[in-house]
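Undergrad: First, the structure itself, so that you have it in front of you.
The values are calculated or read from the model by the stated rules, or taken from the named source; none is laboratory data. Fair warning: this is a prediction, and the values are worked out from it, not measured in the lab. Reconstructed Cβ throughout: ideal geometry from the backbone, glycine too, with neighbour counts over all protein chains shown.
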Amino acid sequence: MQGYIDCHCHISAEDFDSDIDDVIQESKKAGLVALLAVAEHAGEFEKIIQLSQRFPGFVIPCLGVHPVQDPAQPRGALLEDLDAALPLIYKYKDDIVAIGEVGLDFTPRVVNNDAGKDSQRQVLIRQAEIAKMLNLPLNVHSRSAGRPTIHLLKELGVENALLHAFDGKPSVAMEGVKAGYFFSIPPSIVRSDQQKLVKQVPLESMCLETDAPALGPEKQVRNVPRNISISAEYIAKIKGVPLEKVMEVTTQNALRLFPKLKAFIKA
Ligand SMILES: [Zn+2]
């Protein structure tokens with residue numbers, strides 16, 4: 001398969017409401033063959049499914065509950081959202097290629113006590129169980145929580161996971177590599193201090209992502225899926241391999257990690 005796969009982006013974000021057709025068109029022109037549209041909360045699921053029907057074989061859904069929920073919500077909202085999400089995940093189980101975006105976020109402004117961290121863990125554990133039951137991989141967020149996330153995934157016996165925009169130490173990432181996990185690199189890598197991660201994680205364990213509209217090459221500027229080439233070019237430079245090789249290997253990795261993807265892209 002010739003082209004890039006964006007393994008993690010938020011195409012259902014309001015930022016794309018006004019020009020979604022152009023954004024998709026430009027993504028295709030830039031060489032993308034598919035993008036994985038991840039969810040953050042249950043209220044977003046129907047929109048993602050609708051987008052996947054509007055752009056069949058290109059917008060590929062992942063459904064899950066993100067650890068960071070709207071701060072305006074009362075405490076406990078995370079677990080409530082999980083309750084709302086579960087029946088929908090079952091309803092759409094045949095339409096999705098992964099459970100996500102799930103994970104842990106221990107940034108101090110997000111969570112400042114053990115109870116908060118524990119509800120994040122519970123929500124991740126429940127979704128890892130569902131993923132296992134449905135035989136689906138996890139599309140995983142971890143921020144200020146690289147080590148706890150990888151350790152919990154391993155403890156739970158998770159075999160198939162993508163660690164997106166990993167901000168932990170490369171040595172911790174290598175534990176994930178050993179467990180068979182993949183790491184996706186966003187365009188913001190050009191302005192981050194995670195170069196060592198790209199150096200150390202083997203290309204065979206790497207995928208591409210944009211996390212659009214976040215994590216673009218420039219801060220505060222809307223990121224778009226066509227920026228996937230920025231990630232690929234950066235990896236090619238650091239690894240000292242041709243761009244085509246990065247495209248080929250990361251796409252093969254994505255197809256291996258998300259086995260249902262191939263059939264979706266062809267359909
Ligand atoms: Zn994300």
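Undergrad: Give me a count of the residues in the range 207-226 that are within 17 Å of V246 (Cβ to Cβ) and either within 11 Å of the ligand (Cβ to nearest atom) or touching a residue at least 60 places away in the same chain (Cβ under 8 Å) (or both).
TA: So the answer is 6.
Undergrad: Would the range 87-104 turn up any residue that is basic (K, R) and either outside any helix (DSSP H, G or I) or crowded, with 18+ Cβ neighbours inside 10 Å (or both)? Before you say what the answer is, go through the steps one by one.
TA: We begin by selecting, within the range 87-104, every residue basic (K, R); these are 91, 93.
Now narrow it down to the ones that are either outside any helix (DSSP H, G or I) or crowded, with 18+ Cβ neighbours inside 10 Å (or both): none.
Within the range 87-104 (the criterion being basic (K, R) and either outside any helix (DSSP H, G or I) or crowded, with 18+ Cβ neighbours inside 10 Å (or both)), the answer is no, since none of the residues qualifies.
Undergrad: Is it fair to say S184 is in contact (Cβ under 8 Å) with a residue 40 or more places away in the chain, more than 16 Å from the ligand (Cβ to nearest atom), among the hydroxyl-bearing types (S, T, Y) and within 21 Å of L255 (Cβ to Cβ)?
TA: So S184 fails the test.
Undergrad: Shifting gears a bit: Which of (1) within 16 Å of the ligand (Cβ to nearest atom); (2) within 19 Å of L162 (Cβ to Cβ); (3) not aliphatic (A, V, I, L, M) does G3 not meet, given it meets every other one?
TA: For G3, the exception is condition (1).
Undergrad: What's the number of the condition K237 fails, among (1) away from the ligand (no atom under 16 Å from the Cβ); (2) touching a Phe, Trp or Tyr at 6+ places or on another chain (Cβ under 8 Å)?
TA: The failed condition is (2).
Undergrad: Is one or more of the residues making up the range 109-121 touching a residue at least 12 places away in the same chain (Cβ under 8 Å), over 20 Å from A37 (Cβ atoms), outside any strand (DSSP E or B) and within 16 Å of the ligand (Cβ to nearest atom)?
TA: yes
Undergrad: Let me confirm something: among Q194, Q220, which residue is modelled with pLDDT under 95, buried (at least 16 other Cβ atoms within 10 Å of the Cβ) and more than 22 Å from C62 (Cβ to Cβ)?
TA: Every option except Q194 fails the conditions.
Undergrad: Quick one: in the range 6-23, which of the residues that are β-branched (V, I, T) and touching a Pro at 6+ places or on another chain (Cβ under 8 Å) is nearest to the ligand (Cβ to nearest atom)? Can you show your working first?
TA: We begin by selecting, within the range 6-23, every residue β-branched (V, I, T); these are 11, 20, 23.
Subset that is touching a Pro at 6+ places or on another chain (Cβ under 8 Å): 11, 23.
Details: I11: 11, V23: 16 Å.
My answer is I11.
Undergrad: Further, regarding this structure: Considering every residue within the range 84-97, establish whether at least one is acidic (D, E) and either in contact with a strand residue (DSSP E or B) (Cβ under 8 Å, 6 or more places away or on another chain) or within 20 Å of V158 (Cβ to Cβ) (or both).
TA: yes
Yes/no per residue for (1) within 16 Å of the ligand (Cβ to nearest atom); (2) more than 19 Å from M1 (Cα to Cα); (3) surrounded by 14 or more Cβ atoms within 10 Å (Cβ to Cβ); (4) touching a residue at least 60 places away in the same chain (Cβ under 8 Å):
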| residue | (1), (2), (3), (4) |
| --- | --- |
| K178 | no, yes, no, no |
| S188 | yes, yes, yes, no |
| T250 | no, no, yes, yes |
| I265 | no, no, yes, yes |
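Undergrad: Counting only residues that are part of a helix (DSSP H, G or I) and either crowded, with 22+ Cβ neighbours inside 10 Å or of a type in the set (A, V, I, L, M, F, W, C) (or both), how many does the range 235-248 have?
TA: 6
Undergrad: Hey, another quick one. Given the criterion within 15 Å of the ligand (Cβ to nearest atom) and modelled with pLDDT of 95 or more, identify the matching residue among I89, I48, I125.
TA: Among I89, I48, I125, only I48 is within 15 Å of the ligand (Cβ to nearest atom) and modelled with pLDDT of 95 or more.
Undergrad: I've got another one for you. Just checking, does the range 198-205 include any residue being touching a residue at least 12 places away in the same chain (Cβ under 8 Å) and within 17 Å of A37 (Cα to Cα)?
TA: Let us first name the residues in the range 198-205 that are touching a residue at least 12 places away in the same chain (Cβ under 8 Å), namely 198-205.
Keeping just the survivors that are within 17 Å of A37 (Cα to Cα) gives none.
No; the residues of the range 198-205 include none that is touching a residue at least 12 places away in the same chain (Cβ under 8 Å) and within 17 Å of A37 (Cα to Cα).
Undergrad: On to the next question. For I24, indicate whether it is buried (at least 19 other Cβ atoms within 10 Å of the Cβ), at pLDDT 95 or above and part of a helix (DSSP H, G or I).
TA: yes
Undergrad: Here's something else I'd like to know. Looking at the range 123-133 only, could you name the residues that are touching a residue at least 40 places away in the same chain (Cβ under 8 Å) and either of a type in the set (V, I, T) or under 13 Å from A77 (Cβ atoms) (or both)?
TA: V123, I130
Undergrad: A further question on this structure: Give the residues of the range 123-145 that are buried (at least 21 other Cβ atoms within 10 Å of the Cβ) and of a type in the set (G, A, S), sorted by residue number.
TA: Once the filter is applied, which keeps residues that are buried (at least 21 other Cβ atoms within 10 Å of the Cβ) and of a type in the set (G, A, S), the range 123-145 yields A128, A131, S142, A145.
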